[in-house]
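Structure record follows, encoded as structure tokens.
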Amino acid sequence: MADHADTLAVEFRNIDKAFYGVKANDNVNFDLRRGEVHALLGENGAGKSTLCSILAGLYRPDAGEFIFEGTPATFKTPKDALAAGVGMVYQHFRLVSNLTVAENLALGHPKLSVHISQEQLEEEARQLGEEYGLPVDPKARIWQLSVGEQQRVEILKLLYRDAKVLILDEPTAVLTPQESQQLFKTMRQLAAEGRSVIFVSHKLYEVKQVSDRVTVLRDGKTVGGAETKDAEPRDLARMMVGRELDLPTRDPNPDIGEPMLIAEDLRVAGDRGLEAVKGVSFEVRRGEVLGICGVSGNGQRELAYGLTGLRIPSSGKVILDDEDITKKTVEQRIDRGIAYVPQSRLGMGLAPGLTTEENLALKAYRKPPFSNGPMLAPGVFKENGTKLIEQYDIRGVRPGLPIRLLSGGNLQKALLAREVELNPKALIARSPTRGLDVGATEAVRNLVLDERAKGTAVLLISEDLDELLALSDRVLVLYEGEVVGRMPAEEATPERLGLLMAGHRDEGAA
Ligand SMILES: Nc1ncnc2c1ncn2[C@@H]1O[C@H](COP(=O)(O)OP(=O)(O)OP(=O)(O)O)[C@@H](O)[C@H]1O
Ligand SMILES: [Mg+2]
């Protein structure tokens, strides 16, 4: 017993944690060895973030035992946890965006005082970044960084405090495949140094690739655990959802109709004034899914903005159902039939402080039956909400409480439900299944394919090649704001797309 305890960093015994009467963790058992990468798997809402947050001192368990490095412990605050050597990178980052990287590392550091110079701090940040394969410019301000870089800063922040247990809550959800591979190297390095890493992910192949052990949660309970090498992805998936799964893919659709959404030599500015979309043209037909792939930051975001009216294109045309909508506002475009599912669900897609019912009506509210002139009809909100929540299987909704309390997958289902309920002519979706578990991914993919079957023109912007190839009829590759390849899905392979995404021209593809 003694030497066993010696290798364990953390033991959770019979942990309970409820929110408003709903058990997010129900009698959970979990242990973490020193020097291992331990994957935590589970559907959206299974209780992964809750468990991690208890360990990181953000929440306190209602019941159960927590043993840290062999002795019973309680962390009252994240600060307590960090002082003991436990730190977490949250699903939603917590950096101060006006400060530099180096300043963020120093922020709240217990041992740091005014004595350390800016240069010293920056030098230390640089060295730490180099040592762990997490390069980032120490002088850069957070807002200037990509999400991938911001995540590196979060990890560096923990290493700067010499954390022994690092909890990464769905870190790859915001990374490109290449960035994920680099992160895996870093994770293995941390484990080799005797640190412990908790890795939350929905992607079974990632879990298979990087972890030593895996624990599966379902409905707040631990349903299984294994050495990763002995675990078959299929079995893990079944354990997670409690049934067999089959991810939907498109069947060739003979009903592709006339062009519905057209971009003509479209140019859109980026955040720093430079052109981000440089003369892009395409058409999406009724009943067709056009997939747009590219490494993040190659103009996808600005393209979506230009099409939805969040940013008015500097030149070129956007045409919807034969009408030029280039200069129309967001609201005017919604009225004409553009639906948009953005990448960041909270923030741009949903109003975090409003209830689920209110959010579900957020786009339709200006029209009857929701409002009649200036009057809003509360009964209709409720009815509409209840119907959609059931129809789209949105779980975890509690009446009167804000939507931000829903898990990621359920937020996404709510967002999609709201958008497709308006019967759009064109649906523009950016990474609609990012961060979703296999069950929710199945539901969201089905929603997208249902829209296609209804004759909606779907533009799917995604970095996930598997998904793109599973859903798209045609694929177009963006590189530095230009289209560098277009082809029917049948001719697209991950290798071919990967090369184009990296900037290699391919004569047959244009
Ligand atoms: N602060 C909170 N207040 C109320 N309910 C919460 C809170 N945090 C989590 N929950 C609820 O607890 C349950 C478990 O949520 P949790 O965030 O732990 O799931 P998860 O496994 O991390 O899901 P995801 O994969 O979507 O991130 C969900 O039903 C969620 O709505
Ligand atoms: Mg979570």
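When you restrict to C-alpha pairs under 8 Å that are six or more residues apart and normalise by the size of segment 2-241, the relative contact order lands at 28 percent. When the Cα gyration tensor is reduced to axis lengths a ≥ b ≥ c, the ratio a/c is 1.5 or higher for segment 143-191, and with a/b not above b/c it is classed as oblate.
For segment 140-147, the Karplus equation 6.51 cos²θ - 1.76 cosθ + 1.60, evaluated at θ = phi - 60°, returns couplings of 5, 7, 4, 5, 7, 8, 6, 4 Hz by residue, with Gly and Pro reported as x. Over the residues of the chain, the helix contribution to mean residue ellipticity at 222 nm works out to -9500 deg cm²/dmol, using -39500 (n - 2.57) for each DSSP H run of at least 4.
So which trypsin sites (Lys or Arg not before Pro) in segment 140-194 are both in a DSSP loop and have at most 13 other Cβ atoms within 10 Å of their Cβ?
Values: sites: Arg141, Arg152, Lys157, Arg161, Lys164, Lys185, Arg188; in loops: Arg161, Lys164.
Hits after loop and neighbour filter: nothing returned.
Amide H to amide H distances under 5 Å link Ala24 with Lys17, Ala18, Phe19, where only residues 5 or more positions off or on other chains count and H is placed in the peptide plane.
Among the trypsin sites (Lys or Arg not before Pro) within segment 290-338, those in coil by DSSP and having at most 11 neighbouring Cβ atoms inside 10 Å are Lys327. For a paramagnetic label modelled on Ala192 (point 7 Å from Cα along Cα→Cβ), amide N atoms under 15 Å away belong, within segment 147-182, to 182. Among residues other than Gly47 whose Cβ falls under 9 Å from its Cβ, what is the net charge (Lys/Arg +1, Asp/Glu -1)? Here the charged neighbours net out to +3.
Coupling constants for segment 431-441 follow from the phi torsions by the Karplus curve (6.51 cos²θ - 1.76 cosθ + 1.60, θ = phi - 60°), and in residue order they are 6, x, 10, 4, x, 8, 6, 4, x, 5, 4 Hz; glycine and proline get x. For Ala39, the residues whose modelled amide H falls within less than 5 Å of its own, excluding neighbours fewer than 5 places apart on the same chain, are Phe199, Asp212, Arg213, Val214, Thr215. Segment 273-325 and segment 439-510 have their alpha-carbon centroids 15 Å apart.
The slack between Arg404 and Glu123, meaning 0.36 nm per residue of separation minus the straight C-alpha distance, is 97.3 nm. For the chain, averaging the sequence separation of C-alpha pairs within contact (under 8 Å, six or more residues apart) and dividing by the residue count gives a relative contact order of 15 percent.
Using 0.36 nm per residue, how much length does the chain from Glu130 to Ala84 gain when fully extended, once their Cα-Cα distance is taken away? If you can, show how the numbers build up before the last one.
Working: separation 46, 0.36 × 46 = 16.56 nm, distance 2.51 nm.
Roughly 14.1 nm would be gained on extension.
Here's the picture: charge each Lys and Arg Cβ at +1 and each Asp and Glu Cβ at -1 in the chain, and of Leu145, Gly42, Gly108 the one pushed furthest to the positive end of that dipole is Gly108. Which shape class, rounded, prolate or oblate, goes with the chain when its Cα gyration tensor gives a ≥ b ≥ c as root eigenvalues, a/c under 1.5 marks rounded, and past that a/b bigger than b/c marks prolate? It comes out prolate by the Cα gyration axes.
So, counting K/R as plus one and D/E as minus one, what does the shell of residues with Cβ under 10 Å around Gln91 add up to?
Working: positive: Lys48; negative: Asp169, Glu170.
Here the charged neighbours net out to -1.
Basic side chains Lys and Arg get +1 at the Cβ, acidic Asp and Glu get -1 at the Cβ, and with that the dipole of the chain about its Cα centre reaches some 1360 debye.
Do any trypsin sites (Lys or Arg not before Pro) in segment 207-292 lie in a loop, going by DSSP, with at most 15 other beta-carbon atoms within 10 Å of their beta carbon, and if so which? Let's see the in-between values first.
Values: sites: Lys208, Arg213, Arg218, Lys221, Lys229, Arg234, Arg238, Arg243, Arg250, Arg267, Arg272, Lys278, Arg285, Arg286; in loops: Arg243, Arg250, Arg272, Arg286.
Counting only loop positions with at most 15 other Cβ atoms within 10 Å, the trypsin sites (Lys or Arg not before Pro) in segment 207-292 are Arg243, Arg272.
Need the C-alpha centroid separation for segment 1-73 versus segment 130-169, integer Å. Answer, in whole Å: 24. Please return the longest range in the chain lying between exposed loop sites, taking GluC sites (Glu not before Pro), DSSP loop only, at most 12 other beta-carbon atoms within 10 Å, and leaving the sites out. By the stated rule (loop sites, at most 12 other Cβ atoms within 10 Å), 245-510.
Looking at the square roots a ≥ b ≥ c of the eigenvalues of the Cα gyration tensor of segment 85-168, which shape do they give, rounded for a/c under 1.5, prolate if a/b is larger than b/c, or oblate? Note, shape of segment 85-168 comes out rounded.
Which residues does the label zone of Asp321 cover in segment 398-438, counting backbone N under 15 Å from a point 7 Å along Cα→Cβ? 420-428, by backbone N distance to the label point.
Laboratory data are not the source of any read-out in this text; all were calculated from the coordinates shown. This structure is a prediction, so every number in the text was calculated from the model and none was measured. Note: ideal-geometry Cβ built from the backbone for every residue, glycine included; neighbour counts use all protein chains shown.
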